[in-house]
Amino acid sequence: MSNPRIVVTGIGASTPLGGTAAESWSALLGGTSGAHTLEHDWVQEYQIPVTFAAEAVVRPDTVLDRPVANRLDPSAQFALVAALEAWEDAGKPEVEPERFGVDFATGIGGLQTTLAAWDTLKAKGPRRVMPMSVPMLMPNAPAAAVSMHLGARAYARTVASACASSTESLVNAVEALRAGKADVIIAGGSEAVIHGLTLAAFAAMQALSKRNDSPETASRPYSVDRDGFVMGEGAACLVLETEEHAKARGAKIYAEVVGGGVTADSYHITAPEPEGLGASRAVRLALEEAGATPDEVTHINAHATSTPTGDIAEYRALLSVFGDRVHEIPVSATKASTGHLLGGTGALEAIFTILALRDRVAPPTINITTQDPEIPLRVSGTAQPLGDGPQLAISNSFGFGGHNAVVAFRTL
């Protein structure tokens, strides 16, 4: 049985750093923070304890045609914006619809629609609830919107594995391509849940930073004074193809997807397994599938949410895989700049990992005041050169429920 190589030919993103993948990458390299104080009325009305987040720079309903946007929850709007950019970037590949798939993830789904419909029901009664509420709030709405807009009929799948969701979608897409179920797949993730309810709930869990006086410095992975993550929003996606299909049409190729690993902690609904056992197994699986050893890895994009327990658990996982060499590998914790896009974060960080390999530079990790001595990784507030020679990088994503997903990329 053949085992075709899988490559990335298009990328797209709408994030707290920029309205496109290129803009987001440029802002990331420049050390920009996407976090800011929220100006919504509900912040004061409900006395939300966390008054900031990392909202997307460009509202998706200003990019899409109004009739299209009006029938989609913001999570699906973001997904469609990112997918259209990625499709254009890939050169709009000619592919039979039955050989074209969509694997689009979300952590929570159409929350904005759900809560707006509930408000309408309470205030105006059931007759005023929109008929479109159900198809707008469904978690599979982003995948369906992308599939229908671009005409993908191989399949349209949705993964909901919390913050590991879109990395898991990438792994699933690679498996489907290798199994011959499609020639081209758009894979990614989307999230749009910056709302009083989610901020209040995550704050009640002690998961969010409460640095209301300094939002732009609140996300500080690996810093000794880190106190939680910053909520983000947006979407990112990649066009994946078999190498044969991509070369036959003369497509540009960003990188090869060489491996993926998906595991479960089976430990706690919110806390990571303290020693990172499930996470380390996911890394090993990704490298094993890549046919690579830990010594070949030249860059790591870490999950690194800026939570006290999460950051150190991930470090222990990396230490168990790489040994002391992990302290020599350039590591980036890009949520310091973007905030945490939940179900969209894995795809975004996969794009950052690919661009790091392309440009041979590990993006900076901003906001570290004093690096935690228990996490002596090689991180820097400025970009780190990756050097010459072959490049192999991994991108990690871990989610509530004990979900672990890792994807590995190599330069061609």
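A few notes on this one:
- Over all distinct Cα-Cα pairs of region 44-86, the Kirkwood formula returns a hydrodynamic radius of 12.0 Å.
- Dipole-positive endmost among GLY18, LEU386, GLY110 within the chain (Cβ charges, Cα centre): GLY110
- Placing a label point 7 Å from the Cα of ASN70 along the Cα-to-Cβ direction, the residues of region 92-130 with a backbone N closer than 19 Å are 113-114, 116-117, 120, 128-130.
- Per-residue [θ]222 nm for the chain (sum of -39500 (n - 2.57) over DSSP H runs n ≥ 4, rounded to 500): -10000 deg cm²/dmol
- Contact order, relative form, for the chain: 24 percent (alpha carbon pairs under 8 Å, 6 or more residues apart, mean separation divided by residue count).
- Extent of region 1-157 along its three principal axes (Cα atoms, max minus min coordinate, largest first): 58, 45, 31 Å.
- Rolling a 1.4 Å probe over the protein heavy atoms gives region 50-125 an accessible area of 45 Å² per residue.
- HIS268-GLN44 FRET efficiency (beta carbon distance; Förster radius 41 Å; 0.05 resolution): 0.75
- Gaussian network model of the chain, springs between alpha carbon atoms under 10 Å - residue of PRO363, PRO272, PRO93 with greatest fluctuation: PRO93
- Accessible carbon and sulfur surface of the chain relative to its total accessible area, %, 1.4 Å: 53 percent
- Near-label residues of region 77-116 by backbone N, under 16 Å of a point 7 Å along Cα→Cβ of LYS252: 85-93
- Compactness of region 254-412 - radius of gyration and Dmax, Cα, Å: 14.1, 42
- The spread of Cα positions in region 150-262, taken along each principal axis and listed from longest to shortest, comes to 54, 27, 25 Å.
- Sparsely packed GluC sites (Glu not before Pro) within region 92-170, loop by DSSP, other Cβ within 10 Å at most 13: GLU94
- Within the straight-line cut-off of under 16 Å between alpha carbons, the lysines reachable from LYS92 are LYS247, LYS252, sequence neighbours fewer than 8 places apart in one chain being disregarded.
- Of ALA27, ALA350, ALA192, the one that fluctuates the most in a GNM where the chain has Cα springs shorter than 10 Å: ALA27
- Projected label distance in nm at ARG325 and SER380, using a 7 Å step from Cα toward the beta-carbon: 2.1 nm
- Label-to-label distance for LYS92 and THR62 is 2.6 nm, based on points extended 7 Å past Cα in the beta-carbon direction.
- Taking all protein chains as shown and a probe of 1.4 angstrom, HIS403 keeps an accessible surface of around 60 Å².
- Averaging 1/r across all pairs of distinct Cα atoms in the chain and inverting the result yields a Kirkwood radius of 20.9 Å.
- Extreme residue, positive dipole direction of the chain, given options ALA152, ASN172, GLY232 (C-beta unit charges): ALA152
- Under the span-like rule (Cα at least 18 Å along the axis, Kyte-Doolittle mean at least -1.0), DSSP H helices of the chain: 74-89, 111-124, 165-178, 277-290, 308-322, 345-359
- Springs between Cα atoms under 10 Å define the GNM used for the chain, and in it the highest mean-square fluctuation of ARG316, ARG249, ARG211 occurs at ARG249.
- Listed residues GLY278, ILE329, LEU341: farthest to the positive end of the dipole of region 266-412 (Cβ charges): LEU341
- Estimated inter-spin distance, SER214 and VAL134, nm [label 7 Å along Cα→Cβ]: 5.0 nm
- Ordering of 283-292, 226-235 by burial proxy (mean other Cβ atoms within 10 Å per residue, highest first): 226-235, 283-292
The values are calculated or read from the model by the stated rules, or taken from the named source; none is laboratory data. Predicted, not measured: the structure shown is a model, and the values here were computed from it. In this analysis, Cβ positions are derived from the backbone assuming ideal geometry, glycine residues included, and neighbour counts consider all displayed protein chains. With ligands, DNA and RNA removed, areas are computed over all heavy atoms of the protein, side chains included. Shrake-Rupley method; radii C 1.70, N 1.55, O 1.52, S 1.80 Å.
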